[in-house]
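The values are calculated or read from the model by the stated rules, or taken from the named source; none is laboratory data. Being a predicted model, the structure only gives us computed values, none of them experimental. Because the Cβ atoms are built from the backbone with ideal geometry, glycine has one as well, and the counts that use them run over all protein chains shown.
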Amino acid sequence: MGWSNELTPGHEGYLVGLKACEDKRARMDGYRELTPMDDEDTGPVAIVQVGCTCGWRSPRQDGAISASWWGGMMHASDWFLEECRKTWRAHAIATVYADRERAIVKT
Ligand SMILES: [Zn+2]
């Protein structure tokens with residue numbers, strides 16, 4: 001599962017599951033991102049972010065009733081994934097556009 005668009009090279013979006021964590025893997029906000037290493041740790045995921053391969057993350061949001069982690073990846077209902085894809089697409093288009101603006105200013 002991932003989102004890409006030929007107009008936004010370098011950006012591939014996906015749903016990120018967050019897990020409360022107290023060890024050194026935790027980020028500043030006390031959560032860590034689930035990874036394929038968490039394969040055995042399946043179940044509902046209450047908090048998610050929309051992520052992008054460029055490193056961008058959306059604000060945290062409720063994982064909706066359908067969001068769950070299994071098989072080393074996030075799963076969710078089609079409508080929720082569509083909302084997340086729109087969030088990612090807005091990021092990717094805005095970022096690519098801003099990069100082009102900067103490139104034009106430099107030349
Ligand atoms: Zn991106």
Going through segment 18-40 in order, the residues found to be closer than 27 Å to VAL96 by Cβ and either within 15 Å of the ligand (Cβ to nearest atom) or of a type in the set (Asp, Glu) (or both) are GLU33
Residue by residue through segment 59-107, note down the ones that are out of contact with any His (no Cβ under 7 Å at 6 or more places or on another chain), within 13 Å of the ligand (Cβ to nearest atom) and small (Gly, Ala, Ser). ALA90, ALA94, ALA98
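Within the bounds of segment 49-65, is there any residue that is among the hydroxyl-bearing types (Ser, Thr, Tyr), in a helix (DSSP H, G or I) and at negative phi? Outline the logic, then answer.
Initially, segment 49-65 is screened for residues among the hydroxyl-bearing types (Ser, Thr, Tyr), giving 53, 58.
Within this subset, residues satisfying the condition of being in a helix (DSSP H, G or I) are none.
The answer is no, given that none of the residues of segment 49-65 is among the hydroxyl-bearing types (Ser, Thr, Tyr), in a helix (DSSP H, G or I) and at negative phi.
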Regarding GLY43, is this residue exposed (fewer than 14 other Cβ atoms within 10 Å of the Cβ) and either closer than 27 Å to VAL96 by Cα or within 16 Å of the ligand (Cβ to nearest atom) (or both)? no
What's the total number of residues in segment 1-39 that are of a type in the set (Phe, Trp, Tyr) and in contact with a helix residue (DSSP H, G or I) (Cβ under 6 Å, 6 or more places away or on another chain)? 1
Given the criteria loosely packed, with under 14 Cβ neighbours inside 10 Å, modelled with pLDDT under 95 and not in a loop (DSSP other than H, G, I, E, B), does ALA94 qualify? no
What are the residues in segment 53-79 that are under 22 Å from SER4 (Cβ atoms) and among the small types (Gly, Ala, Ser), if any? GLY55, SER58, ALA67, GLY71, GLY72, ALA76, SER77
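Any residue that is loosely packed, with under 14 Cβ neighbours inside 10 Å and away from the ligand (no atom under 16 Å from the Cβ) - is there at least one of those in segment 2-17?
Just the residues of segment 2-17 that are loosely packed, with under 14 Cβ neighbours inside 10 Å, to begin with: 2, 6-7, 9-10.
Remaining after also requiring away from the ligand (no atom under 16 Å from the Cβ): none.
No: segment 2-17 contains no residue that is loosely packed, with under 14 Cβ neighbours inside 10 Å and away from the ligand (no atom under 16 Å from the Cβ).
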